[in-house]
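Each reported figure results from applying straightforward, stated rules to the coordinates on display, with no laboratory input. Remember, it's a predicted structure, so these values are computed and weren't measured experimentally. Glycine also receives a Cβ, built like all others from the backbone with ideal geometry; neighbour counts cover every protein chain displayed.
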Amino acid sequence: MFPLCRDWLRWRALATPDKLAVRFDGRSVSYAALDGLVDRLTAGLAARGVRPEDRVATLVDNSVEAVAFIHAAARFGAVLAPLNTRLTAAERERQLRLAEPALVVVDDYGAALGNGRDGDGRPATPAGRGAPLQLPDVAALAGLAEEGASVGRPGGAEQAAQPALREAQVQSIIFTSGTTGRPKGVQLSFGNHFWSAVASACRLGVDTEDRWLSCLPLYHVGGLAVVFRSCLYGTAVVLERGFDLDRFQRCLREERVTLTSLVPTMLHRLLRSLPAAEWPESLRMVLLGGAAAPPELLAAAREAGAPVAATYGMTETASQVATSLPADVLRKPGSVGRPLLFTELRIVDGDGETAPAGEIGEITVRGPQVSGGYFRDPVATDSALREGWLYTGDMGLRDADGDVTVVQRRTDMIVSGGENIYPAEVEAALREHAAVADVCVVGLPDAEWGQRCAAAVQLREGESVSAEALLAFSRRRLAGYKQPRARFVRFVDALPQTGSGKTARREVERTLRKLISEERDMSS
């Protein structure tokens, strides 16, 4: 078998130098030009004293240079640790403390965040308890390329890719909050990304003129996957800086887009604004993932003629696990189809035994795209990975045809607008307020966002605080998308308990849903 290498871009630039690699903000970059930029960034890393296998964090927005740096880290052999630009300073600090990078690379946006602004532009708060974080070297992304240009290209024009490597060599550490609300770093290897790309191509197909419109941030596994897959396939990425409805529609019309990745909230907005007649003929597939798609959303997509492919995946599996193609979505709405090539999927009961067809159990996955574990977290790794199987924590079933339906994502996790919100993290932030005795955070169904974050708050005896004041307090501890809105906060005398003394989350959810529904009816 041909040995796997890490420098996929160098091979691609040698094979198809003039083909479009990235289209961004009116700028077109070929694979040859991208390769040259990557050379300069790679030389810049060396000039900064970074060594192969060092961890390098990034705090950058989507751009051509950000795409190039992903490839530069791979070419250099550094481990990429992209940071979520929407987090608060305190949340980012926890990730930096865990990763201990040798270098933090920022663009203009990231530099503003690093200078005391949080992910929504608000003043950032002190990083928290303990000794102040000692940041490593911080480099501007553009400046790094300039430093590399002064060093020169590390090798001849026809230099081939790096030597063969172990498939398990870690390419990136992608952060995701655990159910405890603490950051977990999912280690993804070059093998994980490679086999994920192969399996996806075998399900979706590849056209040499494919253009994948991506508005997902490059710190998400979905955004990262599009970069690597397009390089391996020799196709183009049409990159956007976030989801702006007008720009997205213009891209669909003008950029000959054939594929795009959306979360349900994005598709919901697009369907409301884009008449059926305006869906471009070039668009062959809309990959819908990040959260379960409501039946009414799939029905609206069907009426509009949008070619939706329903997907299921996660960071720990380098993106896709199962995908239902558009024709199958029409035939069996709600299903995410069968597992991809090389992917084993079992539904197991409480004893770890395979559940019969049609019965709900935990989704477990095994295959070459599954992460080898969490960075510096052996307890979480041992809990999630057992005998080669990833226990996802998601509940689902397989029907008699072998198709998978996801019933609930990550048990208590809230998925709002494609973003994962862990109740334990929000609860911990709200409990820090002196007036709060206890709190329970749940997700309520929402047609546009999939779910809305809602909180039942029990105050200490004799204390009082308004919902607005409580949220202003927690805003300095949580990214804005993790917070419930004031109208979804309810104060209760006591939280209901289960027989074992735990908070009865389902009862809280039912109560909040009823209270908010009744209030909405009264105001209408």
Inset, instruction - Could you tally the net charge around S282, taking each other residue with its Cβ under 11 Å from the Cβ of S282, Lys/Arg +1 and Asp/Glu -1? - result: -2
Inset, instruction - Take peptides 21-32, 419-430 and line them up by average Cβ neighbours within 10 Å, highest first, as a rough protection proxy. - result: 419-430, 21-32
Legend entry - Spherically averaged projected area in nm², based on the convex hull that wraps the Cα atoms of region 213-261: 3.1 nm²
Inset, instruction - Could you work out how far apart the two model spin labels at A400 and E281 are, taking each label as a point 7 Å from the Cα in the direction of the beta carbon, and quote it in nm? - result: 4.1 nm
Legend entry - In region 22-110, GluC sites (Glu not before Pro) in a DSSP loop with at most 16 other beta-carbon atoms within 10 Å: E53
Inset, instruction - Evaluate the distance, in nm, between pseudo-label points positioned 7 Å from the Cα of E387 and of A437 along their respective Cα→Cβ axes. - result: 4.7 nm
Legend entry - Zone of D18's modelled label, taken as backbone nitrogen in region 28-45 under 16 Å from a point 7 Å along Cα→Cβ: 29-34
Legend entry - Sum of side-chain charges, S189 neighbourhood, beta-carbon under 14 Å (Lys, Arg +1; Asp, Glu -1): -1
Legend entry - Neighbour net charge for L259 - beta-carbon separation under 13 angstrom, K R +1, D E -1: +1
Inset, instruction - Compute the convex hull volume of the Cα atoms of region 380-430, divide it by the residue count, and report the result per residue in Å³ as a whole number. - result: 108 Å³
Inset, instruction - For region 249-371, would you read off the P(r) tail past 16 Å as a percentage of all alpha carbon pairs? - result: 65 percent
Inset, instruction - Scan region 306-397 for chymotrypsin sites (Phe, Trp or Tyr not before Pro) in coil per DSSP, keeping those whose Cβ has at most 14 other Cβ atoms within 10 Å, and list them by number. - result: F342
Inset, instruction - Calculate how steeply helix 295-304 sits against the longest principal axis of the alpha-carbon atoms of the chain, using the helix alpha-carbon long axis, and give the answer as 0 to 90 degrees to the nearest 10. - result: 50 degrees
Inset, instruction - With the Cα gyration tensor of region 414-523 in hand, give its eigenvalues times 5 under a square root as the equivalent ellipsoid semi-axes, listed largest first in whole angstrom. - result: 19, 17, 15
Inset, instruction - Keeping to pairs on different chains or 8 or more places apart, tell me how many lysine pairs in the chain have Cα atoms under 28 Å apart. - result: 5
Inset, instruction - Pop out the Kirkwood hydrodynamic radius of the chain from its pairwise C-alpha distances, inverse of mean 1/r, in Å to one decimal. - result: 24.1 Å
Inset, instruction - At 7 Å along the Cα-to-beta-carbon direction for both D351 and K514, put a label point, then send me their distance in nm to one decimal. - result: 3.7 nm
